[in-house]
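Shown next, in structure tokens, is the structure this report addresses.
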Amino acid sequence: MSELSTKTCVPCRGGVPPLKGEDLAALEKQVDGWNVVEEHHITKTFKFPNFREALTYVNRVGELAEAQGHHPDIFLAWGKVEITSWTHKINGLTESDFILAAKIDKLYQTHCASRSSQG
């Protein structure tokens, strides 16, 4: 698990440049399965056995996003959830996007663990 998941998202007030190059690559290595797209946003798709579990996960991600004050785009479909994040204020990526990604991954692992213990 990435140590990023223990950090807290920091509100961006603008005026800082988006992450690029080596700084971006170093953070990308800390979040498994997340894809950096055009050095602008990160995205990952999560799989579920049905719509209900995907919806439950979306709601948990929504609660996490509210608590962190950092809100990703979330696409819900039967059996999958696609999450895309970037810092809108600077139209690019900050460490907070990767912190949120790590926290979302941890939430998914917890969700899957609770599902397997019930089945």
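Any read-out appearing in this document is the output of simple, stated calculations on the displayed coordinates, not a laboratory observation. Every value quoted in this text rests on a predicted model; they were computed, and no experiment measured them. Here Cβ is always computed from backbone atoms with ideal geometry, including for glycine, and neighbour counts include all displayed protein chains.
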Loop-resident sites, region 1-110, for trypsin sites (Lys or Arg not before Pro), counting at most 16 other Cβ within 10 Å (DSSP): Lys7, Arg13, Lys20, Lys29, Lys89
Pairs of lysines in region 34-119 (C-alpha under 17 Å apart; 8 or more residues apart or interchain): 7
Estimated [θ] at 222 nm from DSSP helical runs (n ≥ 4, -39500 (n - 2.57)) normalised by residues in the chain, nearest 500: -14000 deg cm²/dmol
Highest-fluctuation residue, Val58, Val36, Val16 considered, GNM on the chain with Cα pairs under 10 Å: Val16
